1. Just wondering, is there one or more residues in the range 60-78 that are in a strand (DSSP E or B), modelled with pLDDT of 90 or more and in contact with a Leu (Cβ under 8 Å, 6 or more places away or on another chain)?
2. Looking only at the range 37-73, count how many residues are more than 16 Å from the chain's Cα centre (by Cα) and among the hydrophobic types (A, V, I, L, M, F, W, C).
3. Which residues, taken from the range 25-54, are touching a helix residue (DSSP H, G or I) at 6+ places or on another chain (Cβ under 6 Å) and part of a helix (DSSP H, G or I)?
4. Tell me which of these Ala12 doesn't satisfy, since it passes every other one: (1) of a type in the set (A, V, I, L, M); (2) surrounded by 11 or more Cβ atoms within 10 Å (Cβ to Cβ); (3) at pLDDT below 90.
5. Pairs, please: C-beta under 7 Å, at least 6 apart or cross-chain, first residue loosely packed, with under 12 Cβ neighbours inside 10 Å and in the range 81-93, second β-branched (Val, Ile, Thr) and modelled with pLDDT under 70?
Amino acid sequence: MSVPGAAPDCAADGRSPRVAVVFMTPEATPEELAAVREHFETDPTIAVVEFVDRAQSFERMQKLFTRQPELIRDLTVEQTPTPFRCSSTRTRR
């Protein structure tokens, strides 16, 4: 399974694990979320999988855009994407 749109590498120091954040569409079904989670959890190159539910994602967006409230003024919890954050087991040298 490929995950389009994942950030290939967010590590700045060259030694940190690679991190990818994969945003699921708000319309993703529980079955689709479970399939993606299973894919990540069974991938031997992924060490950590964190799922952020809609309520948590909404809270994070509110904090992130505190100084730009117009960007999220009309956003509802139901419209908020649910991301998976994945960290690799490998580090770059």
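1. No: the range 60-78 contains no residue that is in a strand (DSSP E or B), modelled with pLDDT of 90 or more and in contact with a Leu (Cβ under 8 Å, 6 or more places away or on another chain).
2. Result for the range 37-73: 3.
3. Residue satisfying the conditions is Arg54 alone.
4. Here Ala12 meets the rest and fails (2).
5. Pairs that qualify, where the first residue is loosely packed, with under 12 Cβ neighbours inside 10 Å and the partner is β-branched (Val, Ile, Thr) and modelled with pLDDT under 70: there are none.
The values are calculated or read from the model by the stated rules, or taken from the named source; none is laboratory data. Since the structure is predicted, the reported quantities are computational estimates derived from the model, not experimental observations. Cβ: placed from backbone, ideal geometry, glycine included. Neighbour counts: every protein chain shown.
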